[in-house]
Amino acid sequence: MKKVIIFLIVLTVLFFNSDSFATTGEGSKTFSPYFDMTLSEGAFIPSDGNFFSGGNIKTQVGLLTKVNPSNSIFGLYNLHYSGPGFQPQDSKQFQDRSLSHGFNVEYRRDIIKSLKIRPGISYSKEYRRTGANEAWENGLYNMDSFGGQLAADYYFDFDRDGILTFQYLTRDVKFPNYTDLLREFQGAGYSSEVSGGLQDQTLNNISIRPKWNKFFGGLTYIWQDYKNERVIDSNGTYGATRQKDENITLDFGFHHILSILEMYPVISYTMHTSNQNYVRYKYLGASSTNLLSGSSDVTFIKGNYNYNELNLNIPVDLLITSKWAISGGINIVKRDYTDRPPRNSNNNYDFNSRQSNTLTTISGGIRKQLNDISLFRINYSLIVGSSNNTFEKYLPYNYTGNSISIAYQITY
Amino acid sequence: MKKTIIYAFILSIIMPCISYASSIDLGAKATQLAGEIIANPTAFFYEFQQDLETTTPLPPGKTYGFQTGIFPTLLPATYANLSGKYRLHGEGRISPGLPQLDIAGGYWNMIATKIATEQSKDINSLDFSGYYIDLIMSSSVSPKIRTFYGYKYSQLKASLKLNKAVDIAGAQVTSFDAGFRDDFLIAGIEHITSINKFWSIQMNYGIKEQVLASKISWYGKYFEFGLNIYPEGILVIHPVVNFHLNF
């Protein structure tokens with residue numbers, strides 16, 4: 001019902017929008033709509049297992065309302081469906097899919113000519129499911145998020161689009177269906193702990209991002225405070241400390257056209273730390289007296305989730321004509337866990353090394369600009385996943401995949 | 001030279017695909033698809049219903065129109081179908097800039113079920129049918145581009161009555177009534193490419209069952225050619241041909 005009400009509000013706003021188009025000139029529009037839709041569908045052929053298909057749908061419907069030259073309001077609805085596809089290691093199964101709705105309203109005010117502030121609010125709802133017959137409403141990782149933002153843009157070079165943006169975001173994130181199955185099995189007594197909400201958290205994000213002459217970069221700091229989830233102590237039981245995660249990301253990139261070569265590479269480096277630890281049970285009901293042995297049935301791993309990740313993305317388009325382009329690119333994601341040892345195929349830890357995953361994607365394709373507002377892509381990708389972790393009962397770590405996809409995009 | 005590069009590039013894409021095609025187990029995939037259809041047959045047939053539904057606005061200047069789905073609805077699915085569309089308000093008619101508002105609806109009935117009923121002694125009645133109604137609001141954002149938004153109620157009905165009970169998974173069944181319905185929100189954009197030639201892209205989202213459908217359509221005076229994508233469906237991509245007349 002909430003979705004219907006919000007959509008009707010958006011419809012009402014859009015309804016009034018059209019009146020202004022008729023009465024104002026192109027350059028002085030009070031209302032400017034924004035529409036962006038991308039459809040893609042692909043076939044995926046993994047080195048091990050059956051081929052499968054999956055798609056992505058992104059739809060954004062927005063409206064910029066200029067109240068007066070210094071004040072405007074921007075509303076945006078965002079729908080994103082992500083279907084089956086190859087996934088980075090330690091993330092999710094190939095067949096997992098998600099569906100999210102996001103609503104954002106942002107107020108934009110020009111304080112002086114070179115300074116703009118943008119406070120805003122945001123609500124999003126995300127569904128996740130792992131099987132075709134699982135209802136969207138019952139997904140273990142379904143999520144609701146509500147929060148606000150304060151952003152400021154400082155324009156230091158109008159000629160070369162030089163902007164320094166500072167942004168603070170906060171979100172109250174809830175996972176209404178999440179529960180710890182192991183805890184339910186082991187201690188049906190403490191029902192308050194297992195009745196959901198274990199992943200509920202407050203997420204905060206501070207970033208500073210400079211942009212100049214089509215070069216851009218940024219420093220982002222994210223911290224997540226879990227409301228209920230507690231940290232596992234070295235004795236393998238939950239202690240009193242609540243979980244806290246932190247992310248620091250540095251990124252840099254540019255988007256330039258040199259003759260017929262269009263390049264937009266980005267490099268980023270992320271340091272993720274969490275005070276949460278991990279206990280690996282080899283089977284339900286396993287027990288052990290030595291939690292520090294990599295081969296025992298129960299093993300405690302301190303700092304299991306800490307990692308450093310390098311992400312290098314180099315897409316290149318060769319502009320053959322004004323409508324046709326050949327595209328290619330390489331994307332490398334390398335994640336090195338700082339404390340987590342790799343596991344062998346028998347689920348035993350090797351404490352002499354640390355887990356390292358690499359996912360490399362090499363792609364090539366053709367892009368055609370169909371008209372002023374739409375384009376079409378056909379793309380082939382070779383994906384190579386490699387890791388020194390060879391325990392792959394639940395998630396694939398070492399695989400090769402081929403995919404061919406078509407995509408259709410429209411932006412107005 | 002450019003052509004050579006392009007051909008070489010296309011070949012470099014096709015060759016790996018051919019080499020991997022031999023590793024594809026089509027039999028297993030077919031079994032999986034059959035299992036999904038059996039698990040939820042109404043959802044499968046519901047996708048064909050969406051293929052015949054008209055959810056784009058009437059062309060500017062037209063007052064009413066008719067449409068019938070040809071492929072994959074009439075052929076091969078034997079959906080006899082007819083849709084109608086009527087313009088309630090022309091853009092800017094009452095007040096400058098006030099959007100165009102269209103109402104549309106349609107009905108279909110599966111001919112194959114009628115034939116099956118007549119030829120079988122065990123089936124008393126078998127009905128596979130559906131209907132829908134929608135409201136589409138469209139507004140020009142430039143001389144060649146319109147955005148449109150709308151609401152659609154869509155219902156599929158399936159009922160079976162047998163002359164004698166049959167055993168299905170241990171239960172004695174003499175009849176069943178099933179169906180599938182949802183309330184859809186629609187958002188799309190239409191671009192006119194030349195006189196009487198349009199293409200559009202739209203998203204249909206069912207808010208009760210989280211049904212997702214995306215439609216890309218090219219249409220002219222008589223025919224509409226489309227690619228409907230049902231990302232959670234069994235046959236994900238439906239090529240679609242509809243015939244329409246607008247007056």
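Miscellaneous remarks
- Considering the range B:185-228, and only residues there that are over 30 Å from residue A:139 (Cα atoms) and hydroxyl-bearing (Ser, Thr, Tyr), the residue that is farthest from the other protein chains (Cβ to nearest Cβ) turns out to be B:222.
- Within the range A:48-98, the set of residues being surrounded by fewer than 17 Cβ atoms within 10 Å (Cβ to Cβ), β-branched (Val, Ile, Thr) and within 20 Å of the chain's Cα centre (by Cα) is empty.
- Taking the criterion of being surrounded by fewer than 18 Cβ atoms within 10 Å (Cβ to Cβ), outside any strand (DSSP E or B) and touching a strand residue (DSSP E or B) at 6+ places or on another chain (Cβ under 7 Å), the residues of the range B:60-77 that qualify are B:62, B:63.
- Residue B:174 being within 10 Å of chain A (Cβ to nearest Cβ) and more than 26 Å from residue A:83 (Cα to Cα): no
- Within the range A:345-364, the set of residues being over 24 Å from residue A:272 (Cα atoms) and away from every other protein chain (no Cβ under 14 Å) comprises A:345, A:346, A:347, A:348.
- Whichever residue in the range A:254-277 is within 15 Å of residue A:301 (Cβ to Cβ) and more than 18 Å from the chain's Cα centre (by Cα) and, among such residues, is surrounded by the fewest Cβ atoms within 10 Å (Cβ to Cβ): A:275
- Neighbours by Cβ (under 6 Å, 6+ apart or cross-chain): first from the range A:267-293, under 30 Å from residue A:332 (Cα atoms); second of a type in the set (Asp, Glu) and at pLDDT 90 or above: A:268/A:251; A:270/A:309; A:273/A:246; A:274/A:245
- Some residue of the range A:83-103 being in contact with a Pro (Cβ under 8 Å, 6 or more places away or on another chain), modelled with pLDDT of 95 or more and on the phi < 0 side of the Ramachandran plot: no
- Residue among A:335, A:340, A:280 that alone is surrounded by 15 or more Cβ atoms within 10 Å (Cβ to Cβ) and outside any strand (DSSP E or B): A:340
- Of the residues making up the range B:99-127, those that are in contact with an Asp or Glu (Cβ under 7 Å, 6 or more places away or on another chain) and under 16 Å from residue B:139 (Cα atoms) number 2.
- Residue A:296 being surrounded by fewer than 15 Cβ atoms within 10 Å (Cβ to Cβ), over 23 Å from the mean Cα position of the chain (by Cα) and not in a strand (DSSP E or B): no
- Set side by side, the residues B:216, B:186, B:207, B:201 differ, and just one is touching a residue at least 24 places away in the same chain (Cβ under 8 Å), crowded, with 20+ Cβ neighbours inside 10 Å and of a type in the set (A, V, I, L, M), which is B:186.
- Subset of the range A:259-291 (residues that are β-branched (Val, Ile, Thr) and in contact with a strand residue (DSSP E or B) (Cβ under 8 Å, 6 or more places away or on another chain)): A:260, A:266, A:267, A:270, A:273, A:279
- Answer from A:312, A:318 - the residue that is closer than 29 Å to residue A:217 by Cβ, modelled with pLDDT of 95 or more and among the hydrophobic types (A, V, I, L, M, F, W, C): A:312
- Residue in the range B:74-89 that is under 13 Å from residue B:136 (Cα atoms) and either of a type in the set (Lys, Arg) or touching a Lys or Arg at 6+ places or on another chain (Cβ under 8 Å) (or both) present: yes
Here's the yes/no breakdown for (1) more than 14 Å from chain A (Cβ to nearest Cβ); (2) surrounded by 22 or more Cβ atoms within 10 Å (Cβ to Cβ):
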{"residue": "B:112", "(1), (2)": "yes, no"}
{"residue": "B:117", "(1), (2)": "yes, no"}
{"residue": "B:120", "(1), (2)": "yes, no"}
{"residue": "B:126", "(1), (2)": "yes, no"}
{"residue": "B:129", "(1), (2)": "yes, no"}
{"residue": "B:135", "(1), (2)": "no, no"}
{"residue": "B:141", "(1), (2)": "no, no"}
{"residue": "B:154", "(1), (2)": "yes, yes"}
{"residue": "B:157", "(1), (2)": "yes, no"}
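- Among (1) at pLDDT below 95; (2) more than 30 Å from residue A:380 (Cβ to Cβ); (3) in contact with a strand residue (DSSP E or B) (Cβ under 8 Å, 6 or more places away or on another chain) - the single one residue B:38 does not satisfy: (3)
- Candidate set from the range B:85-107 (those that are of a type outside the set (Lys, Arg) and touching a Ser or Thr at 6+ places or on another chain (Cβ under 6 Å)); member that is farthest from the other protein chains (Cβ to nearest Cβ): B:106
The values are calculated or read from the model by the stated rules, or taken from the named source; none is laboratory data. What you see is a predicted model, and the numbers here were worked out from it, not measured in a lab. Because the Cβ atoms are built from the backbone with ideal geometry, glycine has one as well, and the counts that use them run over all protein chains shown.
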